[in-house]
Amino acid sequence: MADEKAAAAKPEGGGVSRRGFMRWSLPVGWVAFSAASASSLVATARFLFPNVLFEPPQSFKAGFPSEYNVGEVDVRWKDAFGVWIVREPDQFYAIIAVCTHLGCSPNWLPAENKFKCPCHGSGFYKSGVNFEGPAPRPLERARILVADDGQILVDKSVKFQKEKGEWEKPESFLKV
Amino acid sequence: MATKPPEPFLTRTWDYITETQIWKSIFRHGMPNTNRNRALAVMTNVFLHLHPVKIRKSGVRLKFTWCMGGLTFFLFLVETFTGLLLMFYYRPTVAYAYMDIVDLAEQVPLGVMRELHRWAGHAMVISVWLHMFRVFMTGSYKPPREFNWNVGVILLVLTLLLSFTGYLLPWDQLAVWAITVGSNMARATPLLGHEGPGSQLLALGDVKMVHAGSDARFALLGGRFVGEGALLRFYVLHCVGIPLVAGILMAIHFWRVRKDGGISGPV
């Protein structure tokens, strides 16, 4: 019985019937349309994430260790890269100049030996630990290491947060 | 038989003009003189038909409606017009933005255009809140009007977003830091923000897929911080993106009021 119906669906001389064509083309058409629409949506979303950024690079060479004085907070890279280089007697570390309250740029006040944020008055010690104002946690440190040519290399793409215990990690400070 | 004196000059000129083909092609019918024709003249006109032919008396009870919805729409039109004029002089790049705003006040004729735009923006936010308050106090959100209330809430959010995106455009200290603080909220988005809950779930082994250079905040700002990319993106959102969406939602909002029998009509 089913064979007769299938045979009746095919016209004489081979080929495909109108019913057969519609049964095939409609699903294929809708699938193709959905695939095209979905890929357009994904392409549009991807379009919004730029590949090229006109921003300063995330890592930079900060000169030789001998160029920094012991016990000082160096501000020479703060405007260009948003990083302070701090040299203590036993180690270097690089503090990222973004206030942990709401994201403003604090300033280093050498006369008062503290970082002070102009937006809401958050205050941080030379180590980056918060002690006054609305900041909830210490300033973050950037990855710091020695490059092949002996210069200090600071990499802001890797951050270390004291409240997570990450200041113990070897890449958060530089022993010279 | 005496001939008639000629018609006055103005009448003759008017009759002549209104008989020309140009005139008749624009104004197909004469002045309506029956109530049916008057109604038809409004209903079938492309501009006039956006407003109902007749409105109920309840629509002009100002002590009831406060007219705040209408005021908000009027301010939206003021914003569109003044904003368009400002676009002739303002360039959304870090190099030019600030000085163009200064020049709009000091060099361009009628130096209050930027202020008009800003005042109308403040007034629109105030009027939209008052409108929301009025609709709440008169219970005009109750069924069958609850869908329109929700559309209105989205419109409120869009109004605030218009204020937010516009705030960045002068590119002064207030603008940069306000938007820095505001956009920092985006990095705490669940799953899509690199400092939010769940962002680690989208990592492939050790490689983080959602990080500072790829999360929702990055897409919003076009960069890792508020810079050139953020300025241009916010400009496009402010001038085109959000107004388009708001326009579509306003059409729905007004249509729903019309559908339910006009403003402040009984249920």
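Read-outs: derived from the displayed coordinates by stated rules, not from any lab. Source: prediction; values computed, not measured. No Cβ is skipped: glycine too gets one built from the backbone with ideal geometry, and neighbour counts run over all protein chains shown.
So what is the diffusion coefficient of the range A:95-176 in µm² per second by Stokes-Einstein at 25 °C and 0.890 mPa s, using a Kirkwood Rh over Cα pairs?
184
If I take R0 = 56 Å and measure r between the Cβ atoms of B:Phe9 and B:Glu115 in this structure, what FRET efficiency does the formula 1/(1 + (r/R0)^6) give, to the nearest 0.05?
So, using R0 = 56 Å, E works out to roughly 0.70.
How high is the relative contact order of chain B? Use alpha-carbon pairs under 8 Å, at least six apart in sequence, and give a whole percent.
Computed value for chain B: 18 percent relative contact order.
What's the average, rounded to a whole number, of partner chain beta-carbon atoms within 10 Å of each residue's beta-carbon in B:176-185?
3
Along the Cα→Cβ direction, 7 angstrom out, place labels at A:Lys61 and B:Ile26. What is the inter-label distance in nm?
7.3
Mind checking A:48-54 for the average number of partner chain beta-carbons within 10 Å of each residue's beta-carbon?
Mean inter-chain Cβ contacts per residue within 10 Å come to 5.
Run through all the Cα pairs of the range A:116-162 and give the fraction in each 10 Å bin from 0, expressed as whole percent.
26, 37, 27, 10, 1
Say each of B:Tyr98 and B:Leu130 gets a label point 7 Å from the Cα, pointing the same way as Cα to Cβ; how far apart are those two points in nm?
Between B:Tyr98 and B:Leu130, the label points sit 3.6 nm apart.
Helix B:113-137 versus the longest principal axis of chain B: what angle, 0 to 90°, nearest 10, using Cα atoms?
Once rounded, the angle reads 90 degrees.
Label points 7 Å out from Cα along the Cβ direction at B:Ala2 and B:Leu77: separation in nm?
5.3
Just report the Cα centroid separation between the range B:151-218 and the range B:74-125, whole Å.
Centre-to-centre distance over Cα atoms comes out at 26 Å.
Sort A:90-97, A:68-75 for me by packing, meaning the mean count of neighbouring Cβ atoms within 10 Å per residue, highest on top.
Highest to lowest by the protection proxy: A:90-97, A:68-75.
Please give the charge dipole size of the range A:99-176, origin at the Cα centre, charges +1 on K and R Cβ atoms and -1 on D and E Cβ atoms. Round to the nearest 20 debye.
Here the range A:99-176 has a charge dipole of around 180 debye.
Only four residue types carry charge here, +1 at the Cβ of Lys and Arg and -1 at the Cβ of Asp and Glu. Report the dipole size of the range B:65-259 about the Cα centre in Debye, rounded to the nearest 20.
So the magnitude is around 780 debye.
Please give the peptides A:107-115, B:80-88 ranked by average Cβ packing (other Cβ atoms within 10 Å per residue), highest first, as a rough proxy for protection.
B:80-88, A:107-115
Assigning unit charges at the beta carbon (Lys, Arg +1; Asp, Glu -1) and nothing else, what dipole magnitude in debye, to the nearest 20, does the range B:41-100 show about its Cα centre?
540
Return B:Met124, B:Met68, B:Met43 ranked ascending by Cβ neighbour count within 10 Å, so the fewest neighbours appear first.
B:Met43, B:Met68, B:Met124
Based on the Cβ-Cβ distance from B:Tyr16 to B:Arg56, what FRET efficiency comes out when R0 is 45 Å, to the nearest 0.05? Mind dumping the intermediate values first?
Numbers: r = 43 Å, r/R0 = 0.95.
That gives a FRET efficiency of 0.55.
Quote the relative contact order of the range B:60-199 in percent (integer), defining contacts as alpha-carbon pairs under 8 Å separated by 6+ residues. Please report the intermediate quantities before stating the final value.
Values: 100 pairs, mean separation 30.2, N = 140.
Computed value for the range B:60-199: 22 percent relative contact order.
Once R0 is set to 41 Å, what does the formula 1/(1 + (r/R0)^6) return for the Cβ-Cβ distance between A:Glu163 and A:Val52, expressed as a FRET efficiency to the nearest 0.05?
Once rounded, the FRET efficiency stands at 0.75.
For the protein assembly as shown, what is the calculated [θ] at 222 nm in deg cm²/dmol (nearest 500), taking -39500 (n - 2.57) for each run of four or more DSSP H residues and dividing by its residue count? Write out the running numbers ahead of the final one.
Details: 15 runs with 193 residues, N = 443.
One gets -14000 deg cm²/dmol as the mean residue ellipticity at 222 nm.
With just the Cα atoms defining each centre, how far is the range A:130-147 from the range A:16-47? Give it in Å.
When both Cα centres are located, 53 Å separates them.
Mind listing the phi-derived Karplus ³J(HN,Hα) values for the range A:58-65, rounded to whole Hz, using 6.51, -1.76 and 1.60 with θ = phi - 60°, and x for any glycine or proline?
Ordered by residue, 3J(HN,Hα) equals 6, 10, 8, 8, 10, x, 8, x Hz.
Could you list the residues of the range A:89-103 with an amide nitrogen less than 12 Å from a label point located 7 Å from the Cα of A:Val70 in the Cα-to-C-beta direction?
A:89-91
Below 26 Å, Cα to Cα, which lysines can B:Lys208 reach? Residues fewer than 8 away in the same chain don't count.
Cα-Cα hits under 26 Å: A:Lys61, A:Lys156, A:Lys159, A:Lys162, A:Lys164, A:Lys169.
Would you kindly calculate the translational diffusion coefficient of the protein assembly as shown, applying Stokes-Einstein with the Kirkwood radius from alpha carbon pairs, for 20 °C and a viscosity of 1.002 mPa s, and quote it in µm² s⁻¹ without decimals?
In µm²/s, the coefficient is 75.
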